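The values are calculated or read from the model by the stated rules, or taken from the named source; none is laboratory data. Every value quoted in this text rests on a predicted model; they were computed, and no experiment measured them. Ideal geometry is used to build each Cβ from the backbone, glycine not excepted, and the neighbour counts take in all protein chains shown. What goes into the accessible areas is simple: the full protein's heavy atoms, side chains included, and nothing from ligands, DNA or RNA. Shrake-Rupley method; radii C 1.70, N 1.55, O 1.52, S 1.80 Å.
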Amino acid sequence: MIPEALTRLFIPAGRIILAVYFLLPGLMKFTQYDMHVDYMASHGMFWIPFFLILSGLIQVGGAAALFAGYQVQIVAFVLAGLTFIISLVMHDFWTMAEGLQRSHETQNFFKNMGITAGLLVLSSAGAGAFSVDNRQRKA
């Protein structure tokens, strides 16, 4: 059995790890804009500038909210939806011929499903310790 003092740290630790996961790719959507435009175009995406900027803002803003532990249930749910949609559109391994690209996209798709699952659990569990949400409930 894991001590309660340790399990109390699991939700905030998971929240922070997920925040890092979204912060870095979110920032790269702005710092490596052209590369992302090309990648989205290669998947037949439309309205690329709109969706690229929107997803970058959601990822960076969501990461900031997860770091702070602010509105975690809503933010985690939105990020889960974003991750799921991105996975369906950008990691469409089922449309590709056998080979390295299909293997990479399959791995990315199922990795993202795991992240989506973690976000759904977080949206149910809440922010946990060391969070703005937790402080607001006590006030």
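Worth pointing out:
- Helix 100-125 axis, angle to the chain major axis (alpha carbon atoms, nearest 10°): 30
- Two-decimal Rg/Rh across the chain, once Rg and the Kirkwood Rh are taken from alpha-carbon atoms: 1.04
- Placing a label point 7 Å from the Cα of Leu9 along the Cα-to-Cβ direction, no residue of the stretch 57-71 has a backbone N closer than 14 Å.
- Surface accessible to a 1.4 Å probe, Ser123 within the full protein complex, Å²: 20
- Computed from phi, the 3J(HN,Hα) profile of the stretch 18-23 under the Karplus parametrisation 6.51, -1.76, 1.60 (θ = phi - 60°) reads 5, 4, 4, 4, 8, 5 Hz, with x in place of Gly and Pro.
- Taking the C-alpha atoms only, the angle from helix 72-90 to the longest principal axis of the chain is near 20 degrees.
- Top of Met113, Met90, Met45 by mean-square fluctuation, Gaussian network on the chain, Cα under 10 Å: Met45
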